[in-house]
Amino acid sequence: MKYLVMVQGSQADYEAMRGQASGNSPAWSEKEIQAMFAFMGEVNNDLSESGEFVDGHGLAEPAQTRFVSLGDDGRPVVSDGPYSETKELLAGYWVLDCESLERVTEIAARIATCPGPVGAPVYPIVIRPILDEGGDL
């Protein structure tokens with residue numbers, strides 16, 4: 001079964017990783033950034049070696065995101081926010097091919113231990129099974 005494993009973050013978190021602290025997001029040091037990347041690299045390497053890794057990427061900051069919806073007149077409306085009202089958005093993901101929900105849950109629990117600065121926000125790791133060929137809804 002394939003699963004989408006997602007991590008979340010906010011614009012403030014991305015700014016904190018660039019050294020700009022705010023409210024609930026303390027500034028990250030270069031050492032903390034390197035520890036996070038090393039941890040994620042190790043997770044990716046282990047998943048590749050086990051054959052469970054299908055795809056995965058970190059995503060650009062929310063400020064580079066665009067929302068596209070339909071207006072009342074049926075025409076597309078493109079916006080870049082409002083980020084002040086949006087809490088967290090998808091920050092990165094993995095597509096994993098695991099033998100069971102229990103196994104992918106173990107992996108998500110490991111991802112949840114990613115190092116970061118003391119006081120940084122902690123978001124849940126979200127697991128979503130990927131339907132195969134329109135499978136059961």
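Where a number appears in this text, it was derived from the coordinates with a stated rule and is not lab data. In this text the structure is predicted, and so the values were computed from the model without any measurement. As a convention, Cβ positions derive from the backbone with ideal geometry for all residues, glycine included, and neighbour counts pool all protein chains shown.
Summary of computed values
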| quantity | calculated |
| --- | --- |
| Relative contact order of region 20-100, defined on C-alpha pairs under 8 angstrom at six or more residues apart (%) | 30 percent |
| Distance in nm between pseudo-label sites at M1 and D73 (7 Å out along the Cβ direction from Cα) | 4.7 nm |
| J(HN,Hα) series, region 52-67, from Karplus relation 6.51 cos²θ - 1.76 cosθ + 1.60, nearest Hz, glycine and proline x | 8, 6, 10, 6, x, 7, x, 10, 5, 4, x, 4, 9, 8, 10, 9 |
| Highest-MSF residue in the chain out of F39, F67, F53 [GNM, Cα springs under 10 Å] | F67 |
| Residue among E42, E15, E61 with the largest mean-square fluctuation in a Gaussian network model of the chain, springs linking Cα atoms under 10 Å | E42 |
| Region 113-121 - phi-based ³J(HN,Hα) in whole Hz, Karplus 6.51/-1.76/1.60, Gly and Pro as x | 8, 3, x, x, x, 4, x, 5, x |
| Highest-MSF residue in the chain out of L70, L90, L47 [GNM, Cα springs under 10 Å] | L70 |
| Surrounding net charge for N24, when Lys and Arg each add one and Asp and Glu each subtract one, Cβ distance under 13 Å | -2 |
| (i) -0.56, -0.61, -1.16; (ii) -0.52, -0.66, -1.28; (iii) -0.41, -0.58, -1.32, with the label sought being that of the calculated log10 I(q)/I(0) by the Debye sum over Cα atoms at q = 0.10, 0.12, 0.22 Å⁻¹ | (iii) |
| Distance from region 94-137 to region 1-39 (C-alpha centre basis), Å | 17 Å |
| In region 1-65, trypsin sites (Lys or Arg not before Pro) in a DSSP loop with at most 13 other beta-carbon atoms within 10 Å | R18 |
| Charge dipole magnitude, Cβ of K and R +1, D and E -1 - region 28-93, Cα centre, debye nearest 20 | 220 debye |
| Long-range HN-HN contacts of A91 with modeled amide H, under 5 Å | V7, Q8, G9 |
| G56 long-range amide H proximity, modeled H, under 5 Å | V95 |
